[in-house]
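The values are calculated or read from the model by the stated rules, or taken from the named source; none is laboratory data. Since we're looking at a predicted model, the values are computed, not measured. In this analysis, Cβ positions are derived from the backbone assuming ideal geometry, glycine residues included, and neighbour counts consider all displayed protein chains.
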Amino acid sequence: MTVLSVTGLKVRYSAKGPEILKGIDFEVKSDDFLAIIGPSGAGKSTLIRAVNRLVEPTAGEIILLDHNVCDLNAKQLRELRRNVGMIFQEFNLINRMSVMDNVLSGRLGYTGNMRSLFRMFPKEDVDQALYYLDRVGLSDHINKRADELSGGQRQRVGIARALMQRPKLLLLDEPTSALDPKISREVMGLIRDIARELKVPALCNIHDVQLAKEFCNRIIGMQDGYKKFDGATETLKDSDLEEIYAMEVL
Amino acid sequence: MFLTIQNPQGVASQLDLRRKRLTKMTLIWGGIILFIAWCVSGTIIQDTDWSRIGGRNGVLAGISRYFWLDLNLLPELIIPTLETFMMACVGTVLGCFFSLPVAWLGAANVTPSKTILYPLGRFLMVLSRSVHEIVWALIFVSAVGLGALPGILAIAMRSVGFISKITAEAIENIDAKPVEAIRAVGGNQFQVMYYGILPQIYPVVLATVIFEWDINIRRSAVMGLVGAGGLGLLFFRQMNSFNYGGVSMVILAILLLIVLGEVISHYLRKAVI
């Protein structure tokens, strides 16, 4: 089953600015753990943000969970975003809030303004938050402020927050680039295990090819706004990598 | 012994440059001195009633009238002092409420409309600060009559400028990453502000509000000069009845109140930061 299908996606940030994505097509199936690799500036982050319209597409079509993302109004878009968990390179936590409040903020899409004002989340949300905090190994840090944690721990908070949404798709934007190699492997392993457990497909930007090969079943290679490779991980050859990472000759 | 210059033309041009700079400096400083002299002549020399001062002793006598305290005034001081303090507190809180929408309009990254509402927000900030608190008080006294209420409104209006400007700047300087995260989970505009922006600006805003409260105690003390309640009113009455000891008493009360405010805000600020 196809969860996400993107056709002819183009993005430019301003009318006169350069085109960042120059017509991208791909699909994410319900059992995919899909890696997007490519050099810096290839448009990986832009691509992942266009999926839930944190970045506005200029042209093309995005069908996500049977909705045409580009046609949604603000309210419909918020409702769709609730189904898409996102994990960020710099964790994007609320530093001055506790770990618990950060995790609970994953439920904000389902929480009314009055409840959000007093941070009064329903009991089942709190129970679920405790469960996921335990699952990612942070039971002892629930009441700490987010900025008291180490990088790896912060990313685990980010993972728990994304899971709180009971997502139908995970968007991972370089989830390990701010972490050291050992922690990176642990975090990727955790995300993959949980994604399998919950049967959630994932779309993952990653510049570390080794990690991509190790954890992902399919790989998309990008270069300068174009898709250069799309196939199962086993079919990625060194020559493909050379092409993706080729220096641009001006 | 003669020192021979290897590059006479180069040296000459350097000397020329040096001379030009010196001339420029002389002209600038000369201009400043002339300007100040002109100001002094216009204000102090021509605008002072020299005949009324009546020599050195006259000035000293005028000042020495204040060097005693009218202790009989003490019971009458307590309520206005309290009122002054309360006016400062309520005025600051009210000012915070007014500041929120102004900061929202006047912060470039969250304003609902960059072309109309952003300049409006910026204009309100300037308006609040460019009108003196006494002038605000005069306006509100004529609007709502005498008493503490016009004083509170005046203090609130005068506080908006500084609080909203600092708040708007704090909003403009926030880290966009938590905001992105709250948008990504499907949060609405209010949740983005409350979870994404507020925790980041909270310490700066709180420190600013404490600072403003400290200043507002001073402002509140003079509100009564135009009939807007507090110690100022008492001050005005003592002055009008030529009871200079009473005036000193009021000034002492103001001084004590301000010292108290200074001490409290010092500890509050420590607690926040």
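Assorted remarks:
- Looking only at the stretch A:10-68, residues that are within 14 Å of another protein chain (Cβ to nearest Cβ) and at positive phi come to 2 in all.
- Scoring B:CYS89 on the criteria (1) at pLDDT 85 or above; (2) touching a helix residue (DSSP H, G or I) at 6+ places or on another chain (Cβ under 9 Å); (3) farther than 30 Å from B:ALA137 by Cβ leaves a single failure, condition (3).
- For the stretch B:172-191, the set of residues classified as within 14 Å of chain A (Cβ to nearest Cβ) and in a helix (DSSP H, G or I) consists of B:ALA176, B:LYS177, B:PRO178, B:VAL179, B:GLU180, B:ALA181, B:ILE182, B:ARG183, B:ALA184, B:GLN189, B:PHE190, B:GLN191, listed by residue number.
- Selection status of A:ARG49, in a helix (DSSP H, G or I) and either modelled with pLDDT of 90 or more or hydrophobic (A, V, I, L, M, F, W, C) (or both): yes
- When residues in the stretch A:197-230 are screened for being charged (D, E, K, R) and part of a loop (DSSP other than H, G, I, E, B), 3 of them pass.
- Conditions (1) assigned to a helix (DSSP H, G or I); (2) free of Cβ contacts under 8 Å to residues at least 40 places away in the same chain; number of the one not met by A:ASP147: (2)
- Residue count for the stretch A:81-106 satisfying the condition of being in a helix (DSSP H, G or I), among the charged types (D, E, K, R) and facing chain B (nearest Cβ under 8 Å): 1.
- Filter result for B:ILE163 (more than 9 Å from chain A (Cβ to nearest Cβ), part of a helix (DSSP H, G or I), over 19 Å from B:ARG269 (Cβ atoms) and not hydroxyl-bearing (Ser, Thr, Tyr)): no
- Taking each residue of the stretch A:117-136 that is in a loop (DSSP other than H, G, I, E, B) and looking for partners that are polar (S, T, N, Q) with beta-carbon atoms closer than 7 Å, six or more apart or interchain, yields A:PHE121/A:THR111.
- A:LEU9 being in contact with a His (Cβ under 8 Å, 6 or more places away or on another chain) and in contact (Cβ under 8 Å) with a residue 24 or more places away in the chain: no
- Scope the stretch B:27-66; condition of a type in the set (Lys, Arg) and modelled with pLDDT under 85; matching residues: B:ARG52, B:ARG56
- Residue that is nearest to the other protein chains (Cβ to nearest Cβ), among those in the stretch A:172-184 that are aliphatic (A, V, I, L, M) and surrounded by fewer than 24 Cβ atoms within 10 Å (Cβ to Cβ): A:ALA178
Per-residue answers, yes or no, for (1) in contact (Cβ under 8 Å) with a residue 40 or more places away in the chain; (2) within 14 Å of chain A (Cβ to nearest Cβ); (3) under 19 Å from B:CYS89 (Cβ atoms); (4) not aromatic (Phe, Trp, Tyr):
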{"site": "B:ALA170", "(1), (2), (3), (4)": "no, yes, no, yes"}
{"site": "B:GLY196", "(1), (2), (3), (4)": "no, yes, no, yes"}
{"site": "B:ASP214", "(1), (2), (3), (4)": "yes, no, yes, yes"}
{"site": "B:ARG237", "(1), (2), (3), (4)": "no, no, no, yes"}
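- Scanning the stretch A:231-250 for residues that are part of a helix (DSSP H, G or I), surrounded by 12 or more Cβ atoms within 10 Å (Cβ to Cβ) and not aliphatic (A, V, I, L, M) gives A:THR233, A:ASP240, A:GLU243.
- Meets criteria (more than 9 Å from every other protein chain (Cβ to nearest Cβ), modelled with pLDDT under 90 and part of a helix (DSSP H, G or I)) for B:GLY224: yes
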